[in-house]
Each structure stands twice: as C-alpha cells, then as structure tokens.
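Read through the structure below, which is laid out as structure tokens, and then see the notes.
The values are calculated or read from the model by the stated rules, or taken from the named source; none is laboratory data. Since this is a predicted model, take the numbers as computed values, not measurements. Counting neighbours? That spans all protein chains shown, and the Cβs are built from the backbone with ideal geometry, glycine included. For accessibility, only protein heavy atoms count, side chains too; no ligands or nucleic acids. Shrake-Rupley method; radii C 1.70, N 1.55, O 1.52, S 1.80 Å.
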Protein chains: 6
Amino acid sequence: MFTVEVRDHIMIAHSFRGEVFGPAQRLHGATFVVDAGFMADTLDDNGIVIDIGRAHEALKAILTPLSYRNLDEVPEFKGKNTTTEFLCKHVYDGLAKAARDGELGRPGRELKGLRITLSESHVARAQYEAPLW
Amino acid sequence: MFTVEVRDHIMIAHSFRGEVFGPAQRLHGATFVVDAGFMADTLDDNGIVIDIGRAHEALKAILTPLSYRNLDEVPEFKGKNTTTEFLCKHVYDGLAKAARDGELGRPGRELKGLRITLSESHVARAQYEAPLW
Amino acid sequence: MFTVEVRDHIMIAHSFRGEVFGPAQRLHGATFVVDAGFMADTLDDNGIVIDIGRAHEALKAILTPLSYRNLDEVPEFKGKNTTTEFLCKHVYDGLAKAARDGELGRPGRELKGLRITLSESHVARAQYEAPLW
Amino acid sequence: MFTVEVRDHIMIAHSFRGEVFGPAQRLHGATFVVDAGFMADTLDDNGIVIDIGRAHEALKAILTPLSYRNLDEVPEFKGKNTTTEFLCKHVYDGLAKAARDGELGRPGRELKGLRITLSESHVARAQYEAPLW
Amino acid sequence: MFTVEVRDHIMIAHSFRGEVFGPAQRLHGATFVVDAGFMADTLDDNGIVIDIGRAHEALKAILTPLSYRNLDEVPEFKGKNTTTEFLCKHVYDGLAKAARDGELGRPGRELKGLRITLSESHVARAQYEAPLW
Amino acid sequence: MFTVEVRDHIMIAHSFRGEVFGPAQRLHGATFVVDAGFMADTLDDNGIVIDIGRAHEALKAILTPLSYRNLDEVPEFKGKNTTTEFLCKHVYDGLAKAARDGELGRPGRELKGLRITLSESHVARAQYEAPLW
C-alpha cells in the first residue's frame with residue numbers, strides 16, 4: 001500500500017463535558033498539527049498517489065472552517081466533545097467525501113483509505129484510519 | 001480504527017550477549033522515548049478511546065520499575081537481551097494486562113489493540129503492534 | 001556558557017485585540033510547548049547547572065495556573081494580548097523570580113540567564129532570552 | 001508484529017513530467033529522509049528482528065547509487081517520474097530482494113514485510129508498505 | 001531579546017565547485033527547511049515582535065524565486081557555491097532589506113536582528129545571525 | 001555569525017554521586033543526540049564555514065571513545081559526574097582542540113566558536129557554547 005501524507009494545523013478553543021476530563025472541562029484550547037495520509041494500491045500514470053499540492057488544498061478546505069474557532073460554538077459539533085480522536089474522524093469524513101466524489105484527481109475507487117493523525121502536544125496524539133470503500 | 005498515543009521515556013543501562021551486537025556487548029545504555037498507542041473501533045460516550053491522562057498513568061506504571069535501572073540486574077529479564085524490540089513487547093504485555101483487566105476505563109473488549117514504539121535515537125526505533133483479543 | 005533546558009506544555013484558550021491579528025481576534029486556542037533554558041558560566045560541585053528534576057518542577061509551577069485556562073479571564077493578563085512572545089516573557093518573569101530568590105538550588109548569582117521558547121505549531125514559535133542580573 | 005526501523009537520507013536532483021506537477025516540472029531537488037522498517041512476527045534467539053547495524057548498512061547500500069545524483073540521468077529511472085512514492089517503492093524493492101536472498105541475517109521467511117517512508121519536507125512524506133511473501 | 005520564528009521550505013537543485021565537496025560536486029539537490037527569526041528588544045502595542053502572518057509572507061517572498069529551481073542557473077548566484085550557509089545569508093539579506101525598509105509592520109529601528117536557519121537533513125543545518133543596524 | 005551544525009549520537013551507561021540526583025544515583029544510561037555547531041564570521045572561498053563531511057568526522061572522532069561505554073569506568077572521567085552539561089563541555093574541549101590545531105580545514109583563527117548541544121530525551125537537553133579564542 002502506498003500512502004502520501006501532508007501536514008497542516010489549526011488553533012482552536014473548546015471545553016469538554018464529563019468528569020473524566022478533569023481540568024479540561026474548563027474552556028481551554030489546542031494547536032492540532034494534522035497529518036492526512038491518502039492511500040492507494042497503485043500509482044497513477046504520473047507516478048503519484050495524488051498530487052501533494054492538491055492533498056494540501058483538500059486538507060486546508062476541511063480545516064479552514066475550524067481554524068481560529070471556539071469549537072463549542074460550531075453548530076455541527078453541538079452536544080459533542082470535540083476530542084482529538086473525534087476531530088480525527090471529522091477530518092476523515094470530510095476528506096473521505098472529497099475522495100469518493102472524485103475531487104482529489106484520482107478516478108473511481110483508486111484511493112483505498114485515509115489515515116488522519118492529530119498531534120495535540122509533544123506527548124499526545126490521536127489517529128483515525130479506515131478504508132474508503 | 002481509532003488510536004490514542006501518549007509519550008514518556010526511560011533512561012537505562014544494559015548489555016547484550018551475542019556477537020551480532022559488536023560493541024553493544026559492552027555495558028552501555030539508552031534513553032528510550034516510548035509511545036503507547038491504544039486502539040478501539042469506536043469512541044465511548046465521552047468521545048474518547050481512553051482518557052489521555054489515564055493512558056499516561058498506565059504507561060508510567062509500566063515504565064517506573066525500569067527507570068534509572070541497569071536492566072542486566074532486573075530478575076524478570078534474566079537471560080534475555082533487553083533489545084529495543086524486546087522492550088516494546090514488555091511494555092505491550094504490561095499495558096495489555098491492564099487493558100484486559102479493565103483498568104483503563106474502557107469496559108469489556110472495547111480496546112482492540114496496542115501499538116508500542118521505542119525510539120532509541122534519532123536514527124533507530126522499534127515497534128510492537130498486536131490485537132488484544 | 002552552559003544551558004540546561006527542559007520541556008513542558010500548556011493548552012489554553014484566548015483571543016487577541018487588534019486588526020493585525022485577523023481571524024485570531026476570535027476566541028481560539030493553542031498548545032504551547034514550552035522550553036525553559038537555565039544558563040550558568042560554571043557547573044556546581046555536582047557537575048550540573050541546576051538539577052533537571054528541579055528545573056521541570058520550577059517550570060511546572062509557572063505553567064500550572066495557566067493550564068487548561070481561557071487566558072482572557074486570567075486577571076493578571078487583563079488588557080493584554082497573551083501572544084506567544086508575551087507568554088515567553090511571563091514564563092521568564094516567573095522563573096527569574098525563582099532563580100533570584102535562590103529557589104532553584106543554585107546559590108547567589110550563579111545562574112546568569114534564562115531562555116524561554118514557546119512553540120505554537122510546527123511552523124511558528126517565539127523566544128525570550130535575557131540575563132538575570 | 002515487530003518492526004525495527006532505521007533512518008538515513010539522500011540529496012538528489014530531478015524533474016517531473018506532467019502538468020499536475022506545476023513548478024515541479026522544472027529541474028529542482030530534494031532531501032529525502034528515509035525510514036526503513038523491517039517486520040517480523042517473532043524475535044530471533046538474540047532477541048532482535050534484525051541487527052540495527054546491518055539494517056543501516058542494507059539501507060545505505062540501496063541509497064548510495066542515488067546519493068548526490070540527478071535522478072533524471074539514472075538509466076534505471078528512464079521514462080519514470082521519480083516521485084516520493086515511486087522512490088519508496090524503489091527502496092522497498094531493493095531491501096525486499098536483500099531480505100528474500102537471506103542477506104539480512106534472518107533465515108528463510110522470518111522477515112514478513114517492509115515499510116519504507118520518505119519525508120521530503122516538514123509537511124509532506126510518502127510511504128510504501130507490503131508483505132515480503 | 002524577543003524572537004519570533006516562522007518556518008517554510010524550498011526544494012532546489014544545485015552543484016558545488018571545489019574538491020572539498022566530493023560527490024556533492026555532481027548536480028544534486030536539497031529540501032531546505034527554513035526558519036526565520038525576527039528579533040526585537042520590546043513588544044509593540046499589540047504585544048508582538050511582528051505579526052506571524054506577515055513574517056510568513058515576508059519569508060515566502062524571499063523563497064519563491066528559488067523554489068523548484070536549479071540554483072546553478074539563477075543569474076544572481078553565478079560563480080557562487082549555493083551552500084546551506086550561503087543561502088542562510090541570502091535569506092538574511094532579503095529579510096534584512098524588508099525590515100530596514102519598514103515593510104514588516106514595525107517602524108524605525110525596532111527590529112534589532114535576524115536569525116536564519118536552514119536544515120538540509122535530519123543531521124545537518126546552517127545558521128546566520130546578525131544585528132540589523 | 002555563521003554556524004554549521006551536524007548531528008550524531010552515543011549510547012552510554014553511567015551513575016551519579018550526590019543526593020540531588022535521586023534515582024539517577026543508580027547505574028542507568030542514556031542516548032545523547034549530539035549537535036556540534038561550528039561558528040565563523042565569514043565563509044571561506046568555497047562558500048562554507050567548514051565542510052559538513054569533515055564536521056561529521058571530527059564529531060565522530062570525539063564520540064567514538066565514549067560510544068557503547070560505561071562512563072563510570074572511563075579513566076579520564078574518574079571522580080566526575082558525567083552529566084549532560086559536563087559531556088557538552090567534554091565534546092567542546094575535543095572539538096576546540098581540533099579547531100585550534102587547524103585540523104578542521106579552516107586556517108588560523110577563522111573558526112570563532114563552538115556550540116555543543118546534547119539532547120538526553122524529548123524533554124531535556126544541555127548546551128555549552130563559547131568562543132574559541
């Protein structure tokens with residue numbers, strides 16, 4: 001399996017509900033460094049999984065609506081804890097839709113999976129990886 | 001698959017038996033930066049794989065008995081080469097027991113696997129990954 | 001000059017006032033990975049600048065009141081933009097007081113300076129460095 | 001599954017054919033930081049996947065013919081875009097041959113797979129991972 | 001002294017003249033990860049050294065003419081070895097001109113110095129640091 | 001000031017005498033990732049501070065006698081705590097001698113200073129920086 005992975009980041013505020021979170025129940029924030037990996041069994045005629053520039057743009061398109069936001073006020077996330085792992089899945093869903101809609105420059109079902117990693121600090125990160133089909 | 005991964009480290013002395021190890025047969029040492037990844041198919045009601053604070057504590061509990069030790073003198077490791085990959089498995093076994101005993105705050109069989117990575121320098125690391133059940 | 005540098009982090013929310021900040025005028029947040037460097041011309045009788053464990057504790061003592069906070073609501077910061085460089089100076093001031101008060105295990109004026117670095121993402125960081133005396 | 005991973009690098013020139021590459025159609029270059037991961041289900045009698053020193057040498061042997069080269073002039077790559085993902089496969093093929101020929105110090109089919117990662121910058125990398133048999 | 005530092009990168013081809021360079025006399029290439037640090041004694045009324053967004057743009061403006069180029073063919077560099085340290089100075093000169101011309105949003109002589117770091121691999125980098133006035 | 005910095009590492013065992021060290025009084029060990037920075041006011045006719053290959057060799061020559069050793073048994077270090085900062089100075093002294101003896105390919109007093117950094121983990125490092133003359 002081939003993977004091409006690109007990196008971007010967002011800086012957000014949020015709070016969590018649930019005693020398990022301790023002080024993170026307070027309004028706080030995070031920089032999430034986001035790695036998006038696009039997977040394919042084969043390279044296309046250009047010798048690529050997908051174009052790295054296009055991969056950067058696709059990731060940016062998912063991240064921009066969250067960038068410099070208080071996620072507690074984003075309607076789509078109402079009633080949810082926007083944990084690192086939850087946000088991995090959110091980025092996955094956005095990129096998976098783009099991939100399935102053929103918007104990433106690779107036709108049909110040639111993109112096989114996505115692996116999304118959000119690093120919240122130098123000592124903690126989360127990941128969501130799943131096939132696309 | 002979701003993964004939550006936390007980082008800690010130990011600083012140990014040890015030596016290896018076997019000609020393949022060359023100068024590493026002498027008593028020397030290492031800093032191992034340890035990443036422990038906890039895997040689950042689904043997030044719990046809080047929106048997490050497991051609590052990151054609890055993950056840090058569980059990893060610390062495995063590492064503390066090794067920390068600032070000469071591993072050649074740890075009875076449990078008698079007759080073993082405490083290589084980077086061997087220690088990955090040791091950390092895995094400790095965390096796997098905690099997971100199976102339900103000590104990580106996730107009931108039943110909801111935690112599916114573990115991925116342990118020990119980086120011994122900027123140019124070498126080892127990993128052990130396996131399902132829990 | 002010798003320097004000993006230790007790392008910790010905080011996760012905070014804040015907003016900025018001033019058009020220069022663009023979207024960062026909205027409530028957002030950051031993970032700041034904080035490096036605190038302690039400088040001395042000479043090593044003490046133990047062969048150290050200061051004990052690394054004590055350095056970690058001193059840094060933690062400065063960071064804990066900010067950890068998992070909305071900095072817009074911290075009275076001490078009222079009317080200030082809590083930018084990355086501003087927070088470097090805040091950490092510097094706290095550690096400088098501890099150093100000058102002899103709380104870091106090194107007597108008199110043997111600690112000469114501090115260098116504080118806050119990384120806000122993989123592409124941006126700030127630093128404040130100054131002599132202590 | 002156990003993995004042992006070692007790191008090296010090459011600095012090369014090349015150009016790409018295909019409009020998708022935009023300015024990268026011009027002759028340019030890259031530093032590729034190369035991680036080669038060797039996978040096995042079990043450790044050998046020494047407690048290792050393969051010797052880390054030997055892993056470094058095996059990787060170096062694949063990289064040296066490319067090092068400080070213009071890849072556009074390497075006969076083996078004629079008519080190919082030497083993209084990051086293409087080069088992952090090239091490194092894989094070289095190490096896979098060494099593994100299958102028993103040159104890595106592990107007999108028979110004990111090495112199960114390889115994972116090759118090339119980082120081209122702090123924001124983009126590619127990976128090729130596949131079983132050996 | 002306060003420093004704000006931002007990161008970008010370029011991917012270039014070049015060759016060196018001089019026996020000291022060994023195989024690097026051949027046409028090869030590099031990814032340079034570029035950190036540009038802007039230094040000031042005081043923060044402005046917004047609490048910043050300079051705006052991080054503007055710092056990124058200023059760095060990008062210097063790097064774009066070099067990006068995806070064969071530096072052997074850039075007229076400005078004719079007869080020069082475009083070594084990592086030489087390029088540090090080139091980036092310095094471009095940003096120093098912008099700073100002295102007041103294009104970085106900080107009036108007069110409030111910006112005091114620049115520190116430019118180019119990392120060419122995980123094991124080598126160069127730096128140029130100098131006052132602006 | 002120009003700096004060229006190269007990276008290598010050692011893996012050693014040692015113990016410390018002194019209550020301040022707590023559990024590090026026991027025999028333990030460390031991987032030290034070593035950065036050696038060579039400083040000059042000007043570039044030579046080749047456009048370099050010193051050759052990066054030669055810098056790597058010079059650093060390796062200092063590190064090899066320590067590599068895979070128990071530093072408690074190195075005669076030169078008898079009665080000393082081989083702390084991270086102490087070892088920074090040891091590497092400095094070795095490279096300073098080479099520089100002053102003209103062994104680094106730069107004549108006379110053109111090399112102005114050295115900056116040695118030893119990272120002992122992802123959360124702690126030490127540095128020694130001083131002029132050569």
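For residue E:121, no residue has an amide H sitting under 5 Å from its own, ignoring neighbours fewer than 5 places away on the same chain, with H placed 1.01 Å from N.
Put simply, region A:82-133 fits an ellipsoid with semi-axes of 24, 10, 8 Å; these come from the alpha carbon gyration tensor as the roots of five times its eigenvalues, largest first.
Ordering A:84, A:119, A:15 by the projection of their Cα atoms onto the charge dipole of chain A, which places +1 on the Cβ of Lys and Arg and -1 on the Cβ of Asp and Glu, puts A:15 at the extreme positive end. Summarised as an ellipsoid, region A:1-131 has semi-axes of 30, 14, 12 Å, derived from the eigenvalues of the Cα gyration tensor scaled by 5 and square-rooted, with the largest first. Counting only Cα atoms, the size of the protein assembly as shown along its three principal axes is 63, 61, 60 Å, in decreasing order.
Carbon and sulfur: what percent of the protein assembly as shown's accessible surface (1.4 Å probe)?
Roughly 49 percent of what the probe reaches on the protein assembly as shown is carbon or sulfur.
Net charge in the neighbourhood of residue B:61 (other residues with Cβ under 14 Å of its Cβ; Lys, Arg +1, Asp, Glu -1) is -2. Return the residues of region F:117-131 for which accessible area with all protein chains present is lower than in the chain on its own by 50 Å² or more; set the probe to 1.4 Å and exclude ligands, DNA and RNA. Going by heavy-atom accessible area, the residues of region F:117-131 that drop by at least 50 Å² are F:120, F:122, F:123, F:125, F:127. Estimated from helical segments only, the mean residue ellipticity of chain F at 222 nm is -7000 deg cm²/dmol, where each DSSP H run of four or more residues counts as -39500 (n - 2.57).
Any chance you could check the Cα centroid distance between region E:23-82 and region D:20-38 for me, in angstrom? Distance between centres, Cα-based: 19 Å. Compared with the dominant Cα axis of chain D, that is its longest principal axis, helix D:84-100 is turned about 30°. Going down the list C:112/F:80; C:60/C:89; A:60/C:60, which pairs span over 25 Å between their C-alpha atoms? Long pairs (Cα-Cα over 25 Å): A:60/C:60.
Using a simple charge model, +1 on the beta-carbon of Lys and Arg, -1 on the beta-carbon of Asp and Glu, nothing else, what dipole does chain A show about its Cα centre, in debye to the nearest 20?
Values: 16 positive and 19 negative charges, 75 e Å.
Here the size comes out at about 360 debye.
Helix B:52-63 axis versus longest C-alpha principal axis of chain B: approximately 30°, rounded to the nearest ten. Over the C-alpha trace of region E:37-84, radius of gyration and Dmax come out as 15.7, 45 angstrom.
For the protein assembly as shown, with every protein chain kept in place, what is the accessible area per residue (1.4 Å probe, Å²)?
Working: 31570 Å² over 798 residues.
With all protein chains present, the protein assembly as shown gives 40 Å² per residue.
Charged neighbours of residue E:104, selected by a Cβ distance under 10 Å, balance to -2 (K, R count +1; D, E count -1).
Near residue B:129, within a Cβ-to-Cβ distance under 15 Å, what is the net charge of the other residues, with Lys and Arg +1 and Asp and Glu -1? Every neighbour counted, the sum reads -1.
Debye-formula intensities of region C:9-62, expressed as log10 I(q)/I(0) at q = 0.12, 0.23 Å⁻¹, are -0.49, -0.91 (one equal scatterer per alpha-carbon, no solvent). Excluding ligands, DNA and RNA and using a 1.4 Å probe, chains E and D jointly bury around 1900 Å² of accessible surface, summed across both partners.
Dipole magnitude for region D:49-118: computed about the Cα centre from +1 point charges on Lys and Arg Cβ and -1 point charges on Asp and Glu Cβ, it is near 200 debye.
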